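The values are calculated or read from the model by the stated rules, or taken from the named source; none is laboratory data. Quick caveat: nothing in here was measured; it's all calculated off a predicted structure. FYI the Cβ positions are ideal-geometry reconstructions off the backbone, even for glycines, and counts take in every protein chain you see. What goes into the accessible areas is simple: the full protein's heavy atoms, side chains included, and nothing from ligands, DNA or RNA. Shrake-Rupley method; radii C 1.70, N 1.55, O 1.52, S 1.80 Å.
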Amino acid sequence: MNADPAPPGCRPGPAIQALLGVLVLVVGLWGLPAEQYIGDPQAVRMVTWSLLERGRLDVPADLAQGAGERGQYFVQNPDNGLYYSKYGELNSLGYLPAMALERALLGRLEPFNDLATRTVLLNLNNLALSLILAGLLLALACLFTRQPALALVWVLATLYASFGWNYLRAQTTELLQWTLCTGFFWALFQLWRSRGQGRWLGLVHLFLVGLLLTKAVYVLLVPCLLLVGLLVLPSQASRPRALVGLLGPLVLMALLVAGLNELKFGSPFSTGYTQWVRERDLFRGDLWAGLRGFLVDPQRSLFLHQPLLLPALVALPAFFRRWRVEAVLACGTLAVFLLFHAQTANWAGHWSYGPRYLLAVLAPATLPALLALEWLSGRLRTPSGAALAALLGLILAGSIWLQVQVNSLGFFTCYQVEAAVRSFPAPRALAVLQAQPFGVVNGQLRSFVRTGTFPLFLKEAACELSPEQTARLAGAVRQRTRGNRMFFPGP
């Protein structure tokens, strides 16, 4: 492995930074959702409410028991009987600014609230995080290109030509994790290139502890830090001190996480993910089924939901020759997370959009696409270069179209429509629906509401059902097709 860190790429000027900020705000305001994302984030915000109203990490038993099955969202501590969220504490702290402001504005705070005030404040929270994420992505991209304009293109494609756009809007914890993970890799690469400067090591530790306090799975990032830390260790005389600086914070992190696990779940080694009956055997999944899903499933395929992976794969050999350590860290991390999640029973992530469990670690693996963009930008006047640039542009434009369709309707529209189809004896229609990406389905649903043109699955249903049943199903589908934009409510 090459021991000489590569020189820095470029520094984005104020114009590029301002343009990125304006675009993120404009697109963010266009897509502000009119509804809140239900499920996990609601449970996480119940802990935020408990912190603000009760000054406690646990939630009242009646609220925890009414939220879902035992262990689904809240785990009962076997020692004291109290109920704690199985999700990391930083997830709840991430909602603290919005909910504290709600309490100040309204004079009260409810554990559940789907009114406009909370929705607006949560949306503003997402906008602020989106700006931070965009800035970190730009800083990360500029480490690998000397052309700030190409870095800007990569950032915009990462944010809006991928399934990540959905999580910029959804009031879930994925955006916080994505932001922290991007910061982790940016600081890690800077640590490598600076030969172990203390400020970068401190930042890496800071981002890492934040990730560990959102989700235990990010312990898989610890080997990345150890690899870089060992590669940049100083001379023998000061090596013990450097080792303490590298390993000491990791020990403190382990103690912090173990202490919180003991407090919440009654054991320092419990993660809270085994009390729910559906997750009792977390790794009972089929590895090959999970891998196939992440590669070719129309609802979870990495390549369909993040098209930058295609040029990144083509440019990976050249990227590896230029930045070996960074290539191993970025692509190796994605491979490790892919294998880890593929073997779990819930690799698809229940009701969600795209391969959400891989969202946070996906962007660094697409960094080789910057070399492809550089190659294309230098050959736009040649027939082959122009043709390839046009092809890539069409792929990204098609993905943007898919994301617009997804982000125009309710977060769970496809699942709700699927439930409606399941209630009828129409197996072929259900198969047609499930074989299409959510963006394609949403596009057909929007057209159905506007023009009355049946989606493909309804056309298939019409061949299986009686006219009366088809009409009832079409009515149920239309009822479930609702717009989900605050300023542009129509589907």
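Candidates Val209, Val204: the one that is closer than 23 Å to Leu255 by Cα, among the hydrophobic types (A, V, I, L, M, F, W, C) and open to solvent by less than 30 Å² (accessible area, probe 1.4 Å) is Val204. The number of residues in segment 346-376 that are open to solvent by less than 10 Å² (accessible area, probe 1.4 Å), under 16 Å from Phe303 (Cβ atoms) and over 15 Å from the mean Cα position of the chain (by Cα) comes to 2.
Residue pairs whose Cβ atoms lie under 6 Å apart, separated by 6 or more positions or on different chains, with the first residue in segment 350-365 and under 22 Å from Glu326 (Cα atoms) and the second of a type in the set (D, E, K, R), are Leu359/Glu174. Search segment 290-300 for residues being in contact (Cβ under 8 Å) with a residue 60 or more places away in the chain and in a loop (DSSP other than H, G, I, E, B), and hand back the single one that is nearest to Val75 (Cα to Cα). Restricting to residues being in contact (Cβ under 8 Å) with a residue 60 or more places away in the chain and in a loop (DSSP other than H, G, I, E, B), the top hit is Gln299.
Out of the residues in segment 109-160 meeting the condition of being outside any helix (DSSP H, G or I) and closer than 24 Å to Arg11 by Cα, tell me which one is most open to solvent (accessible area, probe 1.4 Å).
Looking at residues that are outside any helix (DSSP H, G or I) and closer than 24 Å to Arg11 by Cα, I get Arg146.
If you go through segment 377-411 and keep only what is among the β-branched types (Val, Ile, Thr) and either in a helix (DSSP H, G or I) or surrounded by 18 or more Cβ atoms within 10 Å (Cβ to Cβ) (or both), you end up with Ile395, Ile400, Val404, Val406.
Among the residues in segment 17-32, are any of a type outside the set (Gly, Ala, Ser), in a loop (DSSP other than H, G, I, E, B), surrounded by 13 or more Cβ atoms within 10 Å (Cβ to Cβ) and modelled with pLDDT under 95? Show your work before the answer.
Let us first name the residues in segment 17-32 that are of a type outside the set (Gly, Ala, Ser), namely 17, 19-20, 22-27, 29-30, 32.
Subsequent filtering for residues that are in a loop (DSSP other than H, G, I, E, B) retains 32.
Next, only the ones that are surrounded by 13 or more Cβ atoms within 10 Å (Cβ to Cβ) stay: 32.
Narrowing further to those that are modelled with pLDDT under 95: none.
No: segment 17-32 contains no residue that is of a type outside the set (Gly, Ala, Ser), in a loop (DSSP other than H, G, I, E, B), surrounded by 13 or more Cβ atoms within 10 Å (Cβ to Cβ) and modelled with pLDDT under 95.
Taking the conditions (1) surrounded by fewer than 22 Cβ atoms within 10 Å (Cβ to Cβ); (2) at pLDDT 95 or above; (3) farther than 27 Å from Gly439 by Cβ in turn, Leu316 satisfies each one other than (3). So in segment 264-274, with the set limited to residues that are open to solvent by less than 40 Å² (accessible area, probe 1.4 Å) and under 25 Å from the mean Cα position of the chain (by Cα), which one is farthest from Phe74 (Cα to Cα)? Once the filter is applied, the top-ranked residue is Ser270. On the stretch given as segment 450-491, residues that are hydrophobic (A, V, I, L, M, F, W, C), open to solvent by 40 Å² or more (accessible area, probe 1.4 Å) and under 18 Å from Thr413 (Cα atoms) total 4.
Yes/no matrix, rows are residues, columns are (1) at pLDDT 95 or above; (2) over 20 Å from Pro298 (Cα atoms):
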| position | (1), (2) |
| --- | --- |
| Phe412 | yes, no |
| Pro425 | no, yes |
| Pro437 | yes, no |
| Glu460 | yes, no |
| Leu473 | yes, yes |
| Pro491 | no, yes |
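For first residues located in segment 184-198 and under 22 Å from Arg241 (Cβ atoms), partners that are part of a helix (DSSP H, G or I) and open to solvent by 40 Å² or more (accessible area, probe 1.4 Å) and lie 6+ apart or on another chain with Cβ distances below 6 Å form the pairs Ala187/Leu203. In summary, Leu105 fulfils each of the numbered conditions (1) exposed (fewer than 14 other Cβ atoms within 10 Å of the Cβ); (2) assigned to a loop (DSSP other than H, G, I, E, B); (3) touching a Leu at 6+ places or on another chain (Cβ under 9 Å) with the single exception of condition (2).
How about segment 36-72: which of its residues are in a helix (DSSP H, G or I), farther than 17 Å from Leu90 by Cβ and of a type in the set (Lys, Arg)? Hit for segment 36-72 is Arg54, nothing else. Among all positions in segment 253-263, there is no residue which is in a loop (DSSP other than H, G, I, E, B) and either open to solvent by less than 50 Å² (accessible area, probe 1.4 Å) or closer than 23 Å to Gly94 by Cβ (or both). Give me the pairs, please: first residue somewhere in segment 18-40 and aromatic (Phe, Trp, Tyr), second residue anywhere and open to solvent by 20 Å² or more (accessible area, probe 1.4 Å) and at pLDDT 95 or above, beta-carbon distance under 7 Å, and either six or more positions apart or on two chains. Short answer, once both residue conditions are applied: Tyr37/Phe411. Exactly one condition in (1) at pLDDT below 95; (2) open to solvent by less than 40 Å² (accessible area, probe 1.4 Å) is not met by Asp281; state its number. Here Asp281 clears every test but (2).
Only one residue in Leu156, Leu150, Leu140, Leu133 is within 18 Å of Asn91 (Cα to Cα) and modelled with pLDDT of 95 or more, so which one is that? Walk me through how you get there before you give the answer.
Working: Leu156 fails: within 18 Å of Asn91 (Cα to Cα); Leu150 fails: within 18 Å of Asn91 (Cα to Cα); Leu140 fails: within 18 Å of Asn91 (Cα to Cα).
Just a single option satisfies the conditions, and that option is Leu133.
For (1) within 28 Å of Asn442 (Cα to Cα); (2) of a type in the set (S, T, N, Q); (3) free of Cβ contacts under 8 Å to residues at least 60 places away in the same chain, each residue gets a yes or a no:
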| position | (1), (2), (3) |
| --- | --- |
| Leu256 | no, no, yes |
| Phe269 | no, no, yes |
| Glu279 | no, no, no |
| Trp288 | no, no, yes |
| His305 | yes, no, no |
| Leu310 | yes, no, no |
| Ala315 | no, no, no |
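Rundown of residues vs (1) open to solvent by 80 Å² or more (accessible area, probe 1.4 Å); (2) part of a loop (DSSP other than H, G, I, E, B); (3) at pLDDT below 85; (4) within 30 Å of Gly71 (Cβ to Cβ), yes/no style:
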| residue | (1), (2), (3), (4) |
| --- | --- |
| Arg199 | yes, no, no, no |
| Tyr218 | no, no, no, yes |
| Val222 | no, no, no, yes |
| Leu226 | no, no, no, no |
| Pro249 | no, no, no, no |
| Gly285 | no, yes, yes, yes |
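Candidates Leu308, Leu338: the one that is open to solvent by less than 50 Å² (accessible area, probe 1.4 Å), in contact with a Ser or Thr (Cβ under 6 Å, 6 or more places away or on another chain) and under 30 Å from Ala397 (Cβ atoms) is Leu308.
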